[in-house]
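Data first, discussion second: the structure below is written as structure tokens.
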Amino acid sequence: MRRQSSWASHLADGMASPAERLAEALGGDILSGVLREDERLPAHRPLAWQLGIGVGSVTRAYAILERRGLVRSVHGRGTFVAVRHDAARPMLDLATNMPPPMFSDRALARTLNRLAKHVDPGLFNIYPPVAGHLEHRRIMAHWLAGMGVAVTPDRLLLTGGAQQALNVAVHVARQHVSYAVAEAQTYPGMLGAMRQAGLAIRPAAMDGHGMRPAALEAILAGRRGERAIVYLTPEMHNPTTATMDLRRRRDIVALCRKFDALIVEDAVYVHRDDPARPALMTLAPERTFHVSSLSKILSPGLRIGALIPPERYAEACLPALLASSLMIAPLSYAMMAQWMQDGTAESVRAALHAEAVRRQDLVLSVLGTWVVKPASHAFHAWLPLPAGQAARVVAQAQALGVALPPSDAFLGGEGVKGTGVRLAFGNVTFRALPEALARVRQVCADKAGKVSRDTMAIS
């Protein structure tokens, strides 16, 4: 009865349908181990009566869970939990930034069985076009439209994950720019790509809304006559979780136009369309390389990314993509198409968003004002700290059995004063997460000052 009470409270929140919210509540209990393998779920009609919803809503919720492989139906007996939980690992990993698993072995097996019956042999018998098969580009374009990004399939390039898309964007832009600008703290993979391309990186100060326009203007104006490439993560910035509001996005775009700078927009954490926070590509399509991926919003193993270059640079991206020689596996193409066409992808995307909200609430309840309260939802949080304190927190957390990334991993260049620690909370089970956070809190208790979204600044 206690479980039904928690499910009922979940139904009272949110804008989704009762079936979707019930599936979220049940799925969370299954993935966190509250509901164990082979445990029988309540019968449809009694559960509907207890929760005050229609029997059809319970039936649809169970169907969503079965499509994700979290439950199995046995004719005449009922619906049972189908997920087996592994033994706890000795080290609690808050370093690897990835979403929690949403696909069970049953869901994968069902997908493979369907593909075995309907897969196109042409996918495996020939090399795919450099930018991907047109049909798969159509499917990806439709998926991106649901996140507010309008693009025709012929403008879209499919890549082996976001990293390859970033590499291609840097390679093409390198022919037209002489230096790069990035947030003071930023994604290490892009820092590596820009350094490998021989670009000097100028770090721009940040606040709670991302890169500061005044900082960007000072850099661009100081090198007038030279062209720059500006790398930005407007949504749920990695690592600081900063999210740009509409005014900030417009200010940044206006400066890039004024100084004719190119933009690389990293949108891997965008999971829905929000007109109040449009893609930079929408605001400045003539100069923005837009990068997206399925790894952060569906499954880490589905290494399929998307690159939308400015129209005048599109042709140059093809040889750069071919030269990187990271062909997407035909099976990944086929699985992407299957999941997007049968509704599995949308179901998992919604479930991951609900799980991110749940885990963020837990992080904030345990760590409070030591962490910055995010303006959006993903599976990482930011603990601002001076460099020396950040390094000590990482080392002492390691001694307590919690892995954190190095405190200097995200530095965008020389002279960056603000540092901190990123907490990635998607790679541990929900059951283990409170213990991991409690250990971080123990380490921080005597070392971390309190912060807020309004006062956070990185320079």
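Observations, loosely collected:
- For the stretch 378-388, filtered to residues that are in a loop (DSSP other than H, G, I, E, B) and at pLDDT 90 or above, the residue that is farthest from Ala267 (Cα to Cα) is Phe379.
- For the stretch 369-389, a residue qualifies if it is within 23 Å of the chain's Cα centre (by Cα) and of a type outside the set (Phe, Trp, Tyr), and the qualifying residues are Val371, Val372, Lys373, Pro374, Ala375, Ser376, His377, Ala378, His380, Ala381, Leu383, Pro384.
- Any hit, the stretch 196-204, residues being of a type in the set (D, E, K, R), free of Cβ contacts under 8 Å to residues at least 12 places away in the same chain and open to solvent by 10 Å² or more (accessible area, probe 1.4 Å): no
- Scanning the stretch 50-72 for residues that are loosely packed, with under 14 Cβ neighbours inside 10 Å and at pLDDT below 90 turns up just one, Gly52.
- All positions within the stretch 385-402 that are touching a Ser or Thr at 6+ places or on another chain (Cβ under 8 Å) and touching a residue at least 40 places away in the same chain (Cβ under 8 Å): Leu385, Val393
- Looking only at the stretch 95-153, and only at residues there that are among the hydrophobic types (A, V, I, L, M, F, W, C) and in contact with a strand residue (DSSP E or B) (Cβ under 7 Å, 6 or more places away or on another chain), the one that is modelled with the lowest pLDDT: Ala131
- Members of the stretch 214-245 that are assigned to a helix (DSSP H, G or I) and open to solvent by 50 Å² or more (accessible area, probe 1.4 Å): Ala214, Glu217, Ala218, Gly222
- Scanning the stretch 147-179 for residues being outside any helix (DSSP H, G or I), under 18 Å from the mean Cα position of the chain (by Cα) and more than 15 Å from Met281 (Cβ to Cβ) gives a total of 4.
- Test: residue in the stretch 389-403 that is among the β-branched types (Val, Ile, Thr) and part of a helix (DSSP H, G or I): yes
- Filter pass, His271 being of a type outside the set (Phe, Trp, Tyr) and either surrounded by fewer than 19 Cβ atoms within 10 Å (Cβ to Cβ) or in a strand (DSSP E or B) (or both): no
The values are calculated or read from the model by the stated rules, or taken from the named source; none is laboratory data. If you're wondering where the values come from, they're calculated on a predicted model, not measured in any experiment. Virtual Cβ from ideal backbone geometry, glycine too; neighbours counted across all protein chains shown. Please note that ligands, DNA and RNA were not included when accessible areas were found on the heavy atoms of the full protein model with its side chains. Shrake-Rupley method; radii C 1.70, N 1.55, O 1.52, S 1.80 Å.
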